Amino acid sequence: MIEDLQELEDKAIAELQEAQTEDQILSIRTKYLGRKGLLTGLLRNISQVPDAQKPLFGKRCNEVKELLSARIEEKLLYQFQQKKEDALIKEKIDVTLPGRAVKYGRIHPVVQVNMEICSILASYGFSVVEGPEVELDYYNFEALNIPKDHPARDMQDTFYIEEGIVLRTHTSPVQVRVMEKIKPPVRILSPGKVYRRDSDISHTPMFHQIEGLLVEERVTFGDLKGILTAFLKKVFGDDTKLRFRPSFFPFTEPSAEVDIICVMCKGKGCRVCSHSGWLEILGAGMVDPEVFKFVDYDYEKYNGFAFGLGLERIAMLKYGISDIRLFFENDNRFLKQF
Ligand code: PHE
């Protein structure tokens, strides 16, 4: 039995030397020292050892057990450290490598044009006011002198939320909301999203407008012309020519549409201006006294003008963009250019 013990020790040590992985070492531990292991098995058979040899056998058993345990622990520790070192070598970070380039966001062209227009008009004393995009029929139409069944409602294909509630089709309802709250003098600007059921190369169901409103005593059409001329020259350049064309809006009288000389062909006629030499840029007019009646303004005492323009249209002409849908596709290659 004592020889068996020696043989077992030699075998275990030899196997341990061969072992490479943690799993292999652990399975050697189980094989020899586990509850059903070989050394435990020998100990269990101590009754077969002659009495005289029993103390020696027991002592050797313990020695072998301690020796194997110690060797196994040692090897496990070594294995663990080896693994750590390997990992450190493999995962070494080269701190001299250049970092990843940070990509900067840019301001969307529509937002840029909005900021530019607002800051120009702010210098004439206009301040920015916002209104809701989900709007009452009353503000979007009724109080702007567009009663139900008025043909002007067909000019704007409206998204209805429910009876009496729409997605605003223009920023003009903000005029009414402001005039309900404050008395003249009024000089406000209202930029924001508007919605119309329309979609093609020059129309998207959502786009942006800026509304301007000025109400004071003795305001004339000449004031309107003066401010819009100065403003459009700042946006499109000093040599920009404009023309005011008679037009119709239910909430202004008289009304005009303002054209600028074509930014592409300078008036010669090209595809962009449909060979007219002119580009329509905004709608404007003197506030109709009917609108003043809705907000309890004294229409004998006050008058004013209003104008509205589409931001995408301005951005398209300023930057030479041919398809309005590009603004809303979020293609980085497009947005990066501004
Ligand atoms: N609200 C008009 C439109 O969307 C534009 C406009 C605003 C016209 C103010 C006159 C005065 O077409």
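Read-outs: derived from the displayed coordinates by stated rules, not from any lab. These numbers come from a predicted model, not from an experiment. Note: ideal-geometry Cβ built from the backbone for every residue, glycine included; neighbour counts use all protein chains shown.
Observations
- Cα-based convex hull, the stretch 207-320, per residue volume (Å³, whole number): 104
- Per-bin percent of Cα-Cα distances, the stretch 2-90 [5 Å]: 3, 14, 23, 21, 14, 9, 7, 4, 3, 2, 1, 0
- Sequence ranges 242-248, 297-303, ranked by mean other-Cβ count within 10 angstrom, highest first: 297-303, 242-248
- Using the average count of surrounding beta-carbon atoms within 10 Å as a protection proxy, the listed peptides 165-176, 75-86 rank, highest first, as 165-176, 75-86.
- Considering only Cα atoms, the convex hull volume of the stretch 109-335 works out to 124 Å³ per residue.
- Rg of the Cα atoms in the stretch 67-150, relative to 2.2 N^0.38 Å, amounts to 2.98.
- Built amide H within the under 5 Å cut-off of GLY277, gap 5+: GLY269, CYS270
- Separation of alpha-carbon centers, the stretch 51-114 and the stretch 180-201, rounded to whole Å: 65
- Under Karplus coefficients 6.51, -1.76 and 1.60, residue-wise ³J(HN,Hα) of the stretch 322-338 in Hz, glycine/proline x: 9, 10, 4, 5, 4, 4, 10, 8, 6, 7, 4, 5, 6, 5, 4, 7, 10
- Partner lysines whose Cα lies under 23 Å from the Cα of LYS83, excluding those fewer than 8 positions away in the same chain, are identified as LYS75, LYS92.
- Membrane-span-like helices in the chain (whole DSSP H runs, Cα extent of at least 15 Å along the helix axis, mean Kyte-Doolittle hydropathy of at least 1.6): none found.
- Note: relative contact order over the stretch 179-315, using C-alpha pairs below 8 Å and six or more positions apart, is 27 percent.
- Helix-derived mean residue ellipticity, 222 nm - over the chain, DSSP H n ≥ 4, -39500 (n - 2.57), to 500: -12500 deg cm²/dmol
- Excluding same-chain neighbours fewer than eight residues apart, the lysines reachable from LYS36 by a Cα-Cα span under 18 Å are LYS11, LYS65.
- Unpaired by the 4.7 Å Cβ criterion, cysteines found in the chain: CYS61, CYS118
- Of the peptides 14-20, 187-193, the ranking by mean beta-carbon count within 10 Å, highest at the top, reads 187-193, 14-20.
- Whole-angstrom gap from the stretch 119-153 to the stretch 212-232, using each part's C-alpha centre: 18
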